[in-house]
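Okay, so here's the structure we're looking at.
Just so you know, all these numbers are worked out from the coordinates, no wet-lab data involved. Bear in mind the structure is a predicted one, so any value in this text is a computation, not a measurement. Reconstructed Cβ throughout: ideal geometry from the backbone, glycine too, with neighbour counts over all protein chains shown.
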Amino acid sequence: MRFWFASTPILLLSAILIIANWIAQPQSTLRPKVFVIGLSKTGTTSIGDALALLGYKRLGWKDIRSRHLVHTWANGDYGALVDQTRFYDAFEDLPWPRMFREMAELYPDSRFILSLRRDEQVWLESMRRHVGRGAWQPYACFYGAMEVEGNEATVLSAYRNHTTDVREFFADKLERYAEMNIDDGDQNWEILCSIAECPQGRIPAVPFPKSNTATHWNHNVLVDLLHWMWSWTITRLEEWSAASYYQDGWQSTNALLSACWSVIDVVEQACSELYFKLVVRQQAPLEVR
Ligand SMILES: *[C@@H]1O[C@H](CO)[C@@H](O)[C@H](O)[C@H]1NC(C)=O
């Protein structure tokens, strides 16, 4: 009797995980993948929103799951990240901008969009305001410094280097590549539709999204509240485990941590799949021009 009592939570958790795992099977209807490889504050969220409007399955829960992906990536472990690519057909935000070489090779039919700002000083200012609030270890991998404040020249050179690297790499693969200026508004539909699949190959009759936040997820108070609570928990877990990611080196003490994140991944994956199945499927087809 006591044995059953003690094992109930474990059985319950196992049951939840089995169900979650069952829900979280990748769909077979994915299209050639689109990777948005602009750095932060270049409008990647807006382009992601546009792809979502086109019915692309975009990597969701981005503020949460991606953090774990970024940390493992920063430590040279691409496994978790590559695993994720099986489930989606649109990707944006860190660390995808730095994975274009690997993804271009892994998915020969995938497409890439480099998002840029028209004026690099405007970009820097935007970075200072939105990203410069605090230091975050992985920023060093993308911007050459953990924080923007006081490192403006380095951060700007990282932006220029990224643009150069991407252009060089795609110079002989132009059919898979486009650049976008988020300040250009509706013009971006034309560029997007040259790279991604638009309904009947035509341009949608809606304004090009311009979002600073993932409005994508704001559906109702309950979902928002759950999302917020989940974010809070994951952020605390991330804070607690951040030292381990970097100081102990990913290999040594991190087996347990890795197992925890795997459980979280399955749960998040199941939530994402449910979201796509229940909410996204019901959306009316997009009107075209
Ligand atoms: C950008 O490239 C230059 C030249 O290769 C290099 O000296 C500089 O350190 C790079 N900047 C960053 C932030 O990596």
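Shown in residue order for the range 256-273 are the 3J(HN,Hα) couplings computed by the Karplus curve 6.51 cos²θ - 1.76 cosθ + 1.60 at θ = phi - 60°: 5, 4, 4, 5, 4, 5, 5, 4, 4, 4, 4, 5, 5, 4, 5, 4, 4, 4 Hz (x for Gly and Pro).
Across the range 139-152, computed HN-Hα scalar couplings (Karplus, 6.51 cos²θ - 1.76 cosθ + 1.60, θ = phi - 60°) run 4, 4, 6, 9, 10, x, 7, 6, 9, 7, 3, x, 10, 4 Hz from first to last residue, x flagging Gly and Pro. Across all directions, the average projected area of the convex hull around the alpha carbons of the range 1-130 is 11.2 nm². Residues Val263, Val34 in ascending order of nearby Cβ atoms (within 10 Å, fewest first): Val263, Val34. Taking every DSSP bridge with both residues inside the range 29-282, close to 0 percent are antiparallel. Please state the relative contact order of the chain as a whole percent: Cα pairs under 8 Å, 6+ residues apart? So the answer I get is 26 percent.
Each of Arg31, Arg58 was scored by other Cβ atoms within 10 Å of its Cβ. Listed from fewest to most, they are Arg31, Arg58. Secondary-structure-derived ellipticity at 222 nm for the chain, considering helices only, amounts to -17000 deg cm²/dmol, per-run term -39500 (n - 2.57) for DSSP H runs with n ≥ 4. Across the alpha-carbon atoms of the chain, the computed radius of gyration and Dmax are 19.9, 69 angstrom.
For the range 40-126, applying the loop criterion from DSSP together with a ceiling of 10 other beta carbons within 10 Å to the chymotrypsin sites (Phe, Trp or Tyr not before Pro) yields no site. In this simple spin-label approximation, Ala171 and Val206 carry label points 7 Å from Cα along the Cα→Cβ vector, and these lie 3.9 nm apart.
Mean separation of Cα pairs under 8 Å and 6 or more residues apart, divided by the residue count, gives the range 102-188 a relative contact order of 38 percent. Restricting attention to the range 29-282, the count of lysine pairs at 8 or more positions apart or across chains with alpha carbons under 27 Å apart stands at 16.
Relative to the longest principal axis of the Cα atoms of the chain, helix 221-246 runs at roughly 90 degrees. How tilted is helix 44-53 with respect to the longest principal axis of the chain? Cα atoms for both, answer in degrees (0 to 90, nearest 10). So the inclination is approximately 80 degrees. For Val288 and Arg160, the difference between the fully extended length at 0.36 nm per residue and the C-alpha to C-alpha distance is 42.5 nm. What you get for the chain, charging only the Cβ of Lys and Arg (+1) and of Asp and Glu (-1), is a dipole of about 580 debye around the Cα centre. With R₀ fixed at 45 Å, the C-beta to C-beta distance from Leu13 to Cys141 puts the FRET efficiency at about 0.85. Of the residues Ile47, Ile182, Ile234, the one with the fewest other Cβ atoms within 10 Å heads the list, and the complete ranking is Ile234, Ile182, Ile47. Left without a cysteine partner by the 4.7 Å Cβ rule in the chain: Cys141, Cys260, Cys271. Axis of helix 2-23 versus longest Cα principal axis of the chain: the two differ by about 20°, to the nearest ten degrees.
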